[in-house]
């Protein structure tokens, strides 16, 4: 049976030793949001990913069940789980206390914080786009019915109406 490990910073190793597996898992001590995990994939299709903070996710592209996870797994337990998968012992791995999905559900506070961040980023992007439209030309009136403003360059609309025609929602800036 064959397996390979993907290190968190892009290396791939076939059949690493237990010592080398532990070295790879120890790389998770360094915070790196862009590269938060490393994983072992067995030829049976099973993949066991280990993340910073001790979350482990398991999936098998050859089975009908979706991804599952366990939170707060100590590093040595993660190593034991990797060794179990490396041997192809899927039955033992299945006995773990898996929860559905790649990670636990977000709390209401986490969901709210993410929503606020998305709204902030969207507004910042909208503002940059709106400002990039440039000055309105008073000698070329906006073609939106009843609008007294001038059209921006390369458009028949003023800034707010050009924004709305492309973004497909009301312009949050001056009308």
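Descriptive notes on the structure:
- Gain on full stretching of the segment that runs from residue 13 to residue 63 - 0.36 nm per residue minus C-alpha separation: 15.6 nm
- Added length on full extension, which subtracts the Cα-Cα distance from 0.36 nm per residue, residue 119 to residue 75: 12.1 nm
- In the chain, the longest principal axis of the Cα atoms and the axis of helix 108-132 are about 40 degrees apart.
- Degrees between helix 75-86 axis and first principal axis of the chain (Cα, 0 to 90, nearest 10): 80
- Global dimensions of the stretch 108-167 from alpha-carbon coordinates: Rg and Dmax equal 15.5, 52 Å.
- Net lengthening on full extension, residue 164/residue 108 (0.36 nm per residue, minus Cα-Cα): 17.0 nm
- Where both bridge residues fall in the stretch 3-100, DSSP classifies roughly 100% of the beta bridges as antiparallel.
- Answer label for Cα Rg over 2.2 N^0.38 Å (calculated), chosen among [x] 0.99; [y] 1.66; [z] 1.26: [y]
- Among 27, 52, 110, the largest mean-square fluctuation in a Gaussian network model of the chain, built with springs joining Cα atoms closer than 10 Å, belongs to 110.
- Evaluated at q = 0.12, 0.20, 0.22 Å⁻¹: base-10 log I(q)/I(0), Debye formula over Cα of the stretch 3-100: -0.32, -0.95, -1.17
- Of all the options 156, 121, 56, the one that moves most in a Gaussian network model of the chain with Cα springs shorter than 10 angstrom is 156.
Computed from the coordinates by the stated procedures, all read-outs in this text should not be read as laboratory data. The shown structure was predicted, so the numbers you read here are calculated from the model rather than taken from an experiment.
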